[in-house]
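Readers should treat all values here as calculations from the given coordinates under stated rules, not as data from a laboratory. The model shown is predicted, which means the values in this text are computed figures rather than measured ones. As a convention, Cβ positions derive from the backbone with ideal geometry for all residues, glycine included, and neighbour counts pool all protein chains shown.
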Amino acid sequence: MKTKTLWCVSVVTTLEAEDAVSELLGKVLGEPASSYFDLETGMTTVKVYCQTEPSRPAAWRADLRAGLDRIKRCGLDIGSGKVALAKIRREDWAESWKRHFKPIEIGGALLVKPSWSKKRPRKNQAVVVLDPGLSFGTGQHPTTAFCLHELARCGKKGAPWSFLDIGTGSGILAIAAAKLGFSPVHAFDFDPDSVRIARANARINGVQNQLRIVRRDVTKLPMQPVRQYDLICANLISTLLVAERQRIVAHLKPGGRLVLAGILKSEFLAVQKNFVKLGLKPAGSKVGKEWRSGSFRRI
């Protein structure tokens, strides 16, 4: 039986530092983080929901503060960085998310919605069901949305494309790829919690047998892989993308598409330059809030 209450640890930050703070909060609390952006205040709130009250509060608060200081020293504006702990009713948690997590349509090809939404898909529109809060990666973030649009566009190319999702998070991209007819669909993440959640989401969406999700480290990818893919999505921080660019590109077929996301606007051109040097041709990009994502074709 589900508990009637949840414990919520939250950090108020900026859109610029959202990903870094989400990673920090998830690592410190041992649970996946979720976030939402408030248009009125211009601030992002990152949250972790726990089934029981987090133990050793002085220790995890100290770890959080130290981590926030590190993020600040890296040059990111963390905003107020206010940390809060609250006990909430599960019903209140659900209602809170229902107010601001709305279904997302990716053209006529894909509908991403929470389980409580009654929105019906249009004709021939694939449906991905993902609930926020106790999982993460729901398509609300502009970088994830860009990847979904690229998936939907490439999924119309005729014969099934193969797909690799690097840094799968909630599994949203891999699940969407399976729903759109990509085959094979492979995904991995270094975080074991992400792998567990992504597999659970795949089961909820009935595609667990159409894809493979494993724990893997992008820094250990082979330079001469057994398989190459038609489409790769890598939604990672820019430093990791640049550092492991050769390993990532090695897994892309000649003529294949590489989608890079998770990049701040100020860092995008430097990332693009490094990938162009490896024989990739820019095929389009999009700015969303503080982020810029790009699509590339391997020549």
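How tilted is helix 265-276 with respect to the longest principal axis of the chain? Cα atoms for both, answer in degrees (0 to 90, nearest 10).
Helix 265-276 sits roughly 30 degrees off the main axis of the chain.
For helix 57-73, what angle does its Cα long axis make with the longest principal axis of the chain, in degrees from 0 to 90 and rounded to 10?
Long axis of 57-73 versus the principal axis of the chain: about 50 degrees.
Put a dot 7 Å past each Cα toward the Cβ at ARG120 and LYS253; how far apart are the dots in nm?
It is 3.7 nm.
Please build a GNM for the chain, connecting alpha carbons under 10 Å apart, and tell me which residue among ILE78, ILE172, ILE232 fluctuates the most.
Top of the fluctuation ranking is ILE78.
Have a look at the stretch 139-283 and give its Rg and Dmax from the Cα atoms, expressed in angstrom.
14.2, 41
Using a 7 Å offset from the Cα along the Cα-to-Cβ direction at both ARG73 and LYS4, what is the distance between the two label points in nm, to one decimal?
4.6
By DSSP, what percent of the beta bridges with both residues in the chain are antiparallel, rounded to the nearest 5?
The antiparallel fraction comes to roughly 60 percent.
With axes computed from alpha carbons, what is the tilt in degrees of helix 90-100 against the longest principal axis of the chain, rounded to the nearest 10 within 0 to 90?
Helix 90-100 sits roughly 50 degrees off the main axis of the chain.
Please list, in order along the stretch 28-33, the HN-Hα scalar couplings obtained from phi with the Karplus expression 6.51 cos²θ - 1.76 cosθ + 1.60 (θ = phi - 60°), rounded to whole Hz, x for Gly and Pro.
Those phi angles translate into 5, 8, x, 9, x, 9 Hz.
Using modelled amide H (1.01 Å from N, peptide plane; none on Pro or chain starts), what sits under 5 Å from the amide H of MET43, excluding residues fewer than 5 places away?
ASP38
Determine the alpha carbon to alpha carbon distance for each of LYS4/LYS72; LYS47/LYS179; LYS157/LYS286; LYS4/LYS102; LYS4/LYS265 and list only those over 32 Å.
LYS4/LYS72; LYS4/LYS265
Mark the label point 7 Å from the Cα of ALA84 along Cα→Cβ and return the residues of the stretch 10-44 whose backbone N is within less than 11 Å of it.
Correct set: 10-12.
Could you state the principal axis extents of the C-alpha atoms in the chain, from the largest down, to the nearest angstrom?
52, 45, 35
Over the stretch 5-98, consider all pairs of different Cα atoms and compute the Kirkwood hydrodynamic radius from their mean reciprocal separation; express it in Å, one decimal.
13.4
Along the charge dipole of the chain, Cβ charges K/R +1 and D/E -1, which of ALA66, LEU148, VAL83 sits furthest on the positive end?
LEU148
Given Cβ point charges of +1 (Lys, Arg) and -1 (Asp, Glu) and nothing else, what value in debye, to the nearest 20, does the dipole of the chain about its Cα centre take?
With only Lys, Arg, Asp and Glu charged at Cβ, the dipole is about 920 debye.
Antiparallel DSSP bridges in the stretch 187-299: what percent, to the nearest 5?
60
Just from its helices, what would the mean residue ellipticity at 222 nm be for the chain, if runs of 4 or more DSSP H residues each count -39500 (n - 2.57) and the sum is divided by every residue, rounded to the nearest 500 deg cm²/dmol?
Computed ellipticity for the chain at 222 nm equals -10000 deg cm²/dmol.
Which length gain, in nm to one decimal place, applies between GLN51 and VAL242 when the Cα-Cα distance is subtracted from 0.36 nm times their residue separation?
Between GLN51 and VAL242, full extension yields 65.0 nm more.
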